[in-house]
Each structure stands twice: as structure tokens, then as C-alpha cells.
Amino acid sequence: MNSTILLLILAVVLALAAILLWWLLIATEGVYLGRRIVTWLYDVYANRYDSIKAYVPDWEQWTLAEPIHKMLSEIDQPLILDVATGTARLPAAVLTAPEFDGTVIGLDRSAKMLDMAAQKLNADRRVSFVLSDAVALPFHSDTFDLVCCLEALEFVPDQWQVIAEIVRVTHPGGAIAITNRKGWQRWLYPFRTQDTQRFVRELQRRFDLDSVTPTLWQMDYDLIWAMKGTAKTS
Ligand SMILES: C[S@@+](CC[C@H](N)C(=O)[O-])C[C@H]1O[C@@H](n2cnc3c(N)ncnc32)[C@H](O)[C@@H]1O
């Protein structure tokens with residue numbers, strides 16, 4: 001074999017290795033390399049996360065804070081859990097209402113993401129943060145009036161296990177808000193995502209949920225609202 005062909009083969013192998021690395025570390029943010037790598041990547045990017053995402057405050061108010069306040073308006077001092085809270089996107093939206101008299105707990109596996117969250121909302125006594133894995137939520141069953149998990153289910157090894165935990169800690173009759181990844185980027189995550197209709201069907205089949213309602217939310221995510229059935233978790 002002459003040296004030109006050898007060089008060509010080497011170039012192709014290097015290019016394929018670079019694409020594989022890009023897919024594993026950048027495109028899919030470590031999800032196929034395990035929870036430790038996902039957490040490490042979020043630790044590394046934590047101080048840039050908000051500027052990369054550039055959430056629009058009015059949109060956050062309209063699609064998250066307003067429906068949540070309306071939903072919880074009859075409840076005295078409601079308790080909200082935000083699973084995989086990141087830099088406190090959901091707590092920040094909910095707490096912009098000074099009249100909100102409840103408590104929001106933000107949980108995440110990345111200490112650096114929680115540092116950023118705490119810097120943002122530290123002065124607000126209505127929020128606290130918990131460093132934990134979503135796979136086993138460190139709370140009693142039937143505790144929260146609302147449990148959210150935004151833009152995170154594709155990062156956990158078994159999303160149904162995490163949803164089971166979300167349902168478990170939600171109060172009977174309480175609300176749940178979770179997202180399902182969609183759009184062309186979904187195809188970067190084989191075995192981790194499904195289309196929203198199928199996701200909703202599985203939610204209804206696996207869990208005691210009422211009023212499961214998918215809504216169009218962002219380019220890459222649908223937002224699904226549901227109510228936990230009123231039977232107590234055993
Ligand atoms: C794309 S960010 C979403 C953050 C926030 N919910 C938002 O909408 O901005 C994904 C978050 O999931 C967290 N995460 C990933 N795997 C986790 C796990 N197993 N347990 C808890 N948090 C996890 C990451 O640390 C990261 O903060």
C-alpha cells in the first residue's frame with residue numbers, strides 16, 4: 001500500500017474519531033457516557049449556561065410563571081420542586097411574583113449549576129437548592145403541589161425511572177410539568193427520545209395521571225402538563 005493511501009485512511013479515521021467525539025461530548029452533552037460525564041460537562045459550562053440559552057423573560061412568564069401561579073392560586077403556601085433546575089430557570093420565573101407565598105426547591109446533580117442558581121436567587125428566602133441525582137429524589141412521597149422537570153429527561157439513563165420519582169413525590173391531585181425533546185436534534189439522541197404523541201401515550205399507560213396535556217413550547221421541546229391521580233402513593 002503506498003503512503004498516499006495510508007495517509008488517506010489515517011485522515012478518514014481521524015475525521016470519524018473527531019465526529020464521534022463531537023457527538024458524544026458536544027452534540028449530546030455526554031448522555032451516552034454516563035451521569036458523571038453529564039454532570040462534569042454542566043459543571044464546566046455552568047457560568048456560560050444562561051448566556052448560551054438566552055431565555056426570553058416574557059416567554060418564561062407567559063409559558064411557565066403565569067400558568068403555574070394560576071394553577072396554584074387556591075393553595076396556601078404551595079410547595080414546588082424543580083428537578084434538574086440548572087441555574088434556576090423555573091424558580092427565577094415563579095419568584096418574580098412578589099405575592100407568591102410558597103416555596104420552590106431546585107434540585108440538580110451539578111454543584112456548579114446550583115452555585116450559579118444560588119448567586120442569582122440567594123437573597124430570596126422562598127427558594128432553596130438541593131444537590132442530588134434525579135434518579136432517587138430525597139423527598140417523601142406525596143409532598144409537592146407541583147413538580148417540574150424542564151429540558152432534562154433526555155440526560156438521565158432511564159427517563160421513566162425519573163418520571164416515576166416525579167410522580168411519587170407529587171401530592172395526589174398535584175400538578176406535573178415535564179418536557180419532551182423534539183425537532184431535528186432529537187435524532188442525535190437515539191434510544192433517549194421519542195415523539196411527543198408516543199411520550200404522552202406512555203405517560204398515560206405507565207402512571208396514574210389525569211389531564212395529560214402536551215403544549216407547543218419551544219423549537220426543541222414540547223411541554224406536557226398533567227395532574228397526579230388522587231389515590232395516595234403506597
Ligand atoms: C439543559 S439543563 C436544563 C436546566 C433547567 N431545567 C433549564 O430548563 O434551564 C439540564 C440539567 O439537568 C441536570 N441533570 C442532568 N442529569 C441529572 C441527574 N441525573 N440528576 C439531576 N440533574 C441532572 C444538569 O446538571 C443540568 O443542570
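Read the figures in this text as sums done on the coordinates, not as results from a lab. Not measured: the values here are computed from a predicted model. So basically every Cβ, Gly included, is an ideal-geometry build from the backbone, and we count neighbours across all protein chains shown.
Quick notes
- Shown for V135, V31: other C-beta atoms within 10 Å of each C-beta, ranked fewest to most, produce the order V135, V31.
- Relative contact order, percent, the chain [alpha-carbon distance under 8 Å, six or more residues apart]: 15
- Restricting the chymotrypsin sites (Phe, Trp or Tyr not before Pro) of segment 1-96 to loop positions (DSSP other than H, G, I, E, B) with no more than 14 neighbouring Cβ atoms within 10 Å leaves Y55.
- Every Cα-Cα pair in the chain was counted, and those over 21 Å apart are 58% of them.
- Evaluating 6.51 cos²θ - 1.76 cosθ + 1.60 at θ = phi - 60° for every residue in segment 92-106, the Karplus couplings come out as 4, 5, 5, 7, 5, 7, x, 7, 5, 10, x, 10, 10, 10, x Hz, glycine and proline recorded as x.
- Within the chain, the longest run free of GluC sites (Glu not before Pro) that sit in a DSSP loop with at most 15 other Cβ atoms within 10 Å is 100-234.
- Neighbour counts of C-beta atoms inside 10 Å place H171, H140 in the sequence H140, H171, starting with the fewest.
- Assigned charges on the beta-carbon of Lys, Arg, Asp, Glu; the chain dipole about Cα centre (debye): 700
- Footprinting exposure proxy for I176, I80, I75 (fewest neighbouring C-beta atoms within 10 Å first): I75, I176, I80
- Sequence-distant residues sharing a close amide H with T85 (under 5 Å, placed H): L107, D108
- Note on segment 53-228: Lys pairs 8 or more places apart or on different chains, Cα atoms under 30 Å apart, count 11.
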